[in-house]
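Laboratory data are not the source of any read-out in this text; all were calculated from the coordinates shown. Just so we're clear, the structure is a prediction, and the values are computed from it rather than from any experiment. Virtual Cβ from ideal backbone geometry, glycine too; neighbours counted across all protein chains shown.
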Amino acid sequence: MTTIAWDGDTLAADRRVSYGTISDAKVTKISKTKKGLCGAAGVTSMCAAFRRWFEAGEKGDPPYMGKDGDTATGFIIRPDGTRIMYDQHGWYKTDPGPFAMGSGFEVALGAMAQGAAADKAVQVAAEFDGSTGNEVDTLRL
């Protein structure tokens with residue numbers, strides 16, 4: 001799967017792709033536009049569609065986010081800190097502040113609770129979660 005972490009200042013994500021097993025493929029999982037930052041975890045093609053929709057200006061409805069286990073969850077962080085989550089059921093706003101998602105989210109949250117920045121939190125998650133790995137991309141608002 002993946003690990004994406006937001007520490008309130010920096011968004012970080014690993015680049016590993018897994019299809020039941022670990023793949024050598026690498027993908028970018030986070031994006032930035034004037035409207036904010038976005039990322040997605042889950043089915044790779046759905047995540048890519050969500051990022052393309054965001055990068056194209058969020059025109060029309062968000063892309064299909066799956067059902068019955070084959071799903072993705074995307075999010076947008078606006079410049080004012082508002083975070084909007086998108087999944088197979090629709091969208092909702094969450095409280096601002098640090099968060100993490102993906103298969104290594106618990107490790108990343110623990111690392112950030114101990115003072116790690118988002119990029120370090122993703123690196124720590126990669127040590128304990130086999131679905132997190134390869135390089136770490138970072139973006140700031």
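See the values below:
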quantity	calculated
Ellipticity estimate at 222 nm from DSSP helix runs (n ≥ 4, -39,500 (n - 2.57)) divided over the chain, nearest 500	-7000 deg cm²/dmol
Ascending count of other beta-carbon atoms within 10 Å, so fewest first, for Asp61, Asp87	Asp61, Asp87
Listed residues Ala56, Ala41, Ala72, most fluctuating in the chain (Gaussian network, C-alpha, under 10 Å)	Ala56
About the Cα centre, charge dipole magnitude for segment 1-93 (Lys/Arg +1, Asp/Glu -1 at Cβ), debye	280 debye
DSSP loop trypsin sites (Lys or Arg not before Pro) with at most 10 other Cβ within 10 Å excluded, longest remaining stretch of the chain	60-141
Whole-angstrom gap from segment 99-141 to segment 1-80, using each part's C-alpha centre	15 Å
When each of Lys26/Lys93; Lys34/Lys93; Lys67/Lys120; Lys32/Lys120 is checked by Cα-Cα distance, pairs over 26 Å	Lys26/Lys93; Lys67/Lys120
Extension reserve of the Lys34-Asp95 stretch, reckoned as 0.36 nm per residue once the Cα distance is removed	19.9 nm
Mean separation of Cα contacts under 8 Å (6+ apart) over length of the chain, as relative contact order %	35 percent
Under Karplus coefficients 6.51, -1.76 and 1.60, residue-wise ³J(HN,Hα) of segment 88-93 in Hz, glycine/proline x	5, 9, x, 9, 7, 8
Loop-located GluC sites (Glu not before Pro) in segment 1-110, at most 15 other Cβ atoms within 10 Å (DSSP)	Glu58
